[in-house]
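Bear in mind these aren't lab numbers, they're just calculated from the coordinates by the rules spelled out. Values in this document were obtained by computation on a predicted structure and should not be read as measured data. All Cβ positions, even for glycine, are placed from backbone atoms using ideal geometry, and neighbour counts span all protein chains on display.
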Amino acid sequence: MSQKSILIIPEVLSNFDNLPDSAYIRLPVMVGLFGVSAASIWRGVKNNSIPKPVKISERTTAWNVGTVRKTLAEKMRGLHE
């Protein structure tokens, strides 16, 4: 018997295109969007290949959707050049 892998996409990730540019997303969504680990997200922030997050509260950090969309679009353009 073989098992099929089932990919479960978080609702916020599947609805990313419907979010307004003024919305904010957390680290798990960033991981899903960029297809890398949390450590790689933070490494990208450090080397400026991923936008810096905003501190929403003492223990909450999030990224602006509009800024993330711009970064993803730039990365896609770079792949097609």
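Summary table
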{"read-out": "Exposure proxy order (Cβ contacts within 10 Å, fewest to most) of Ile56, Ile25", "value": "Ile56, Ile25"}
{"read-out": "Karplus (6.51, -1.76, 1.60) ³J(HN,Hα), θ = phi - 60°, over segment 62-71, in Hz, Gly and Pro reported as x", "value": "8, 10, 6, 4, x, 5, 5, 4, 4, 5"}
{"read-out": "Within-12-Å neighbourhood charge of Ala23 [Cβ basis; K, R +1; D, E -1]", "value": "0"}
{"read-out": "Percentage of interatomic Cα-Cα distances in segment 36-81 larger than 16 Å", "value": "45 percent"}
{"read-out": "Sequence-distant residues sharing a close amide H with Thr61 (under 5 Å, placed H)", "value": "Ile56"}
{"read-out": "Residue-wise HN-Hα coupling along segment 45-53, computed from phi with Karplus coefficients 6.51, -1.76, 1.60 (Hz; x: Gly, Pro)", "value": "5, 5, 9, 6, 8, 10, x, 6, x"}
{"read-out": "Over segment 36-81, relative contact order from alpha-carbon pairs under 8 Å, at least 6 apart, %", "value": "23 percent"}
{"read-out": "Size of electric dipole in segment 36-81: Cβ of Lys, Arg +1 and of Asp, Glu -1, about Cα centre, debye, nearest 20", "value": "80 debye"}
